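See structure below.
Values quoted throughout were computed directly from the atomic coordinates according to the rules given, and no laboratory measurement underlies them. Predicted, not measured: the structure shown is a model, and the values here were computed from it. Neighbour counts run over all protein chains shown; Cβ positions are idealised from the backbone, glycine included.
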Ligand SMILES: [Zn+2]
């Protein structure tokens, strides 16, 4: 800041502020005054890295003052003056951290990562100061113990029970010595988890192959070559082609390149991330994380970390998850064996003279797909231009719920790539804001996700609108071609859009949301079901040059091929679920050798050597970022989404009544009442597993 620029009449107020805040950026911290942006959206055009720390410190200070006020209330504890007051506390901190952590994934930098390391212990200490605050807990407990006498509705009772449980699960019932150990564990754990994901990002960025011989590009589609050339250019290797450990880069290479040695080289770069015994190696970090989790949850009275994580979920126990996974595993494994045999036969017929290995799978799968269904992934891409897919999502939301999306160019964004739409109900009511950020950048984590800069709740009887995000790493446009998505990317796009709709539709009196982990993929995964329905394709899948709707024959081929390679897809996925569960069911990770343990678990379930788990231990970021003992959740949710989609099949694809019920019972309410109760309200019964098995050809 430049002190000399402060006009003297403002000096006293600023001086006061200076006493409470570090010097950096205090004169103009956008987080600390009204945003003055459309709808109060985050002022990205004014936020600088120096603003976060003072805003977080101020946020923590205000939050702590609110907590102190709840505790100091001379009146006895009531639902309103304790549970609701707690729910409404910490808004500034919530908003600052939502922005910071969204950008830490979508627009990161070394200073952002350093700052995250600096903030982690602040958050961890602050959270502990709340969750281990005896007097606060005593008030919550006082309300909880009287819960049957209070006249609470379902939503209030659910919030009370989960708030109470949250305290207990954070250690409120522990003695002082145990609590202080818990604080130490939390602090160390949060830093290590950050380090783990920083390492994965660094390893992803440094894992690539460079091709300087044109002949080595044989078999690759033009778009794939063009993108590799642009990647080369961006990396100061003009005239060369670079393939990276981003899925949009390595998967097409493995699918199309007949150069077996290069496939091996690239795939090895992908699956060795975090396991190279260099300074980004994650093995020791992972082990330490697991040891800390074991200690933490033993302190809290659980046998293993998995027991702790499963308790509030729909699945309830590790045993139930293991049984569920096994039920899918057996038919999937048998199917994958048959698929591998078919590929080996093809290799032998071509006199390849080698045994199928993991880096060959995509290539031979693509060949077989073409031979059996005359269907080539690159034949499909022209019909999935990004803009068309996006319009398809919007059309679907309009048909089901009457939503309207209007692009806004005046809402600040954190990167010029980001596009913003306001989302309105059919009657014009503003539902929320949607930020869309589709393309890979080297300051962005891989994968796709949906989050938000602000959740929704009611303030003075008025709904505060949510700001949802949809972030992906989709195939980029190149000089001559627009962004043409693979089918997988189109599905991902609809998926994340479903999460965003869930955020936008949420209609909750309170800010807290307690959606069980294994239910949260229901709103997203159900959207994927529409992508390939012929009625739906007609609405959006048009050729980017001719405008012709995807031909019926191609759709037919697509549908016929939808069961193709499902053994692989399911096995690759489930293998990671088993790995996740195995790590979290350990009772002594200290004695474990990371590589050997993974192999042991894979051997234990009989994984065939031609398939590797989708995520291996050293880059399995999900299980340190909210999906601990929870990767199975996607599959569990798939049971729900397959069963829920049947409700549309039973009526019609765009049935307004079914859509309204799905919105009212699930999308608007998930996390505010018991998930199974909500589901039963929508479907009239519990979900059945058969629609999932049928969809994957495993029945
Ligand atoms: Zn998802």
If you line up the long axis of helix 134-145 against the longest principal axis of the chain, both from Cα atoms, how many degrees apart are they, to the nearest 10?
-> 80
How far is helix 633-650 tilted, in degrees, relative to the longest principal axis of the Cα atoms in the chain, given as a value from 0 to 90 rounded to the nearest 10?
-> 80
Expressed as a whole-number percentage, the relative contact order of the range 517-644 with C-alpha contacts under 8 angstrom and at least six residues apart is 43
Ranked list, fewest to most other Cβ atoms within 10 Å of each Cβ, for 602, 436 | 602, 436
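Kindly work out what percent of the DSSP beta bridges joining two residues of the range 433-579 are antiparallel, to the nearest 5.
Numbers: 9 of 14 bridges.
That works out to approximately 65 percent antiparallel.
Need one word for the range 554-636: rounded, prolate or oblate. Basis is the Cα gyration tensor (sqrt eigenvalues a ≥ b ≥ c); a/c below 1.5 gives rounded, then a/b vs b/c decides.
Values: a/c = 3.08, a/b = 1.95, b/c = 1.58.
Prolate is the answer for the range 554-636, as a/c is 1.5 or above and a/b outweighs b/c.
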Order of 608, 211 - criterion: other Cβ atoms within 10 Å of each residue's Cβ, fewest first = 608, 211
Gyration tensor (alpha-carbon) shape descriptor, the range 111-171, a/c threshold 1.5 = prolate
Considering only DSSP beta bridges where both residues belong to the chain, give the percentage that are antiparallel (nearest 5).
-> 80
Take every Cα pair under 8 Å in the range 256-372 that's 6+ residues apart, average their separations, divide by the length, and report that relative contact order as a whole percent.
-> 25
C-alpha long axis of helix 247-256 to longest principal axis of the chain, angle in ° | 10
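Between residue 430 and residue 87, what is the FRET efficiency for a Förster distance of 22 Å, r being their Cβ-Cβ separation, to the nearest 0.05?
Numbers: r = 24 Å, r/R0 = 1.07.
Between residue 430 and residue 87 the formula returns 0.40.
Pairs of Cα atoms under 8 Å, at least six residues apart: use those to get the relative contact order of the chain, whole percent. Intermediate results must be reported in sequence, preceding the final value.
Numbers: 1020 pairs, mean separation 104.1, N = 699.
Dividing the mean separation by the residue count of the chain yields 15 percent.
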Three-way shape label, the range 456-597, alpha-carbon gyration tensor, a/c 1.5 | oblate
